[in-house]
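First up is the structure itself, then whatever we jot down about it.
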Amino acid sequence: MLETKSIQEILNSLKVNQENGLTSIEAKKRLEKDGLNKLPEKKKQSRFVLFLKQFHDPMIYILLAAAIISFVVGLIQSHLDLSETIIILAIVLLNAIVGFVQEVRAENALEALKKLSAPTCFVRRDKEVKEIKVEELVKGDIVILESGTLIGADIRLLTSFNLRTDESSLTGESLPIEKDHKIVFSSAVGVGDRLNTVYMSTPVVYGHGEGVVIKTGEETEIGQIAKMIVSENEQLTPLQKRLAEFSKL
């Protein structure tokens, strides 16, 4: 609910002076505490390994065992009927394909989000403007915003001059949003209505201004989307859910 706080209240809570910015020593302490300002990610695996991973599940082992037993029993009783075996194997393969597609889509979505991140930005530290890596941004950093740049974190505006940003990646709004640092809301509002705040991975399309970092990494709005993608990637397929329910009976 930082959109309901005045500029001075936010600066006080973040223990920073707008004119001087953070000291390098303080920024280092905050970076060690909060970690790098980057989106959550998963260890990348080859497509082949990703596909094989879909079979690494106790419930799949049960189905494969059932297929083998069905095949062996048919051989012993001398009336081999492959229909049951084929159906079971088809179910296992379909489950693997569904799981594989889910994980590939999640990986592609995360890669797309990463491409929206800028490599560097300009901040005020030690009473001077410096260019730093975006991943080194910390809460309380005073960031310089210019037209044509990608925003490196969620930022509460301190000054704004005809500042407009493109928030289509967050809200779906196709038109640029005009921002105003002077606005203070009386109650919490949605992401698309926070006209005194700009967001990580959204570009400045017009104007310029300054702001103070209020959220970094997975705490940012885009970071929450990335986190949700990762968690969805870890969800069970419909077949795995059914088998899990069946195993409890």
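Overview of results
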{"item": "Residues that are out of contact with any strand residue (DSSP E or B) (no Cβ under 8 Å at 6 or more places or on another chain) and surrounded by 18 or more Cβ atoms within 10 Å (Cβ to Cβ), drawn from the range 176-217", "result": "Arg194, Gly217"}
{"item": "So Ile10, is it in the same structural domain as Arg194 (by TED's automatic domain parsing), hydrophobic (A, V, I, L, M, F, W, C) and out of contact with any Lys or Arg (no Cβ under 9 Å at 6 or more places or on another chain)", "result": "no"}
{"item": "Check on Glu167, in contact (Cβ under 8 Å) with a residue 60 or more places away in the chain and acidic (Asp, Glu)", "result": "no"}
{"item": "Sole exception among (1) surrounded by 13 or more Cβ atoms within 10 Å (Cβ to Cβ); (2) assigned to a helix (DSSP H, G or I) for Ala90, by number", "result": "(1)"}
{"item": "Condition broken by Ala67, with the remaining ones in (1) free of Cβ contacts under 8 Å to residues at least 60 places away in the same chain; (2) assigned to a loop (DSSP other than H, G, I, E, B) satisfied", "result": "(2)"}
{"item": "Per-region count, the range 145-155, residues buried (at least 18 other Cβ atoms within 10 Å of the Cβ) and either in contact (Cβ under 8 Å) with a residue 60 or more places away in the chain or in a loop (DSSP other than H, G, I, E, B) (or both)", "result": "5"}
{"item": "Boolean, Asn95 is surrounded by 20 or more Cβ atoms within 10 Å (Cβ to Cβ) and closer than 30 Å to Ser46 by Cα", "result": "yes"}
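To keep it simple, each residue is scored yes or no on (1) modelled with pLDDT of 95 or more; (2) closer than 15 Å to Leu116 by Cα; (3) under 11 Å from the mean Cα position of the chain (by Cα).
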position	(1), (2), (3)
Glu173	no, no, no
Gly190	no, no, no
Pro203	no, yes, no
His208	yes, no, no
Gly217	no, yes, yes
Ile225	no, yes, yes
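The values are calculated or read from the model by the stated rules, or taken from the named source; none is laboratory data. Keep in mind that this is a model prediction, so the values were computed, not measured. Note that each Cβ is placed from the backbone with ideal geometry, even for glycine, and that neighbours are counted across all protein chains shown.
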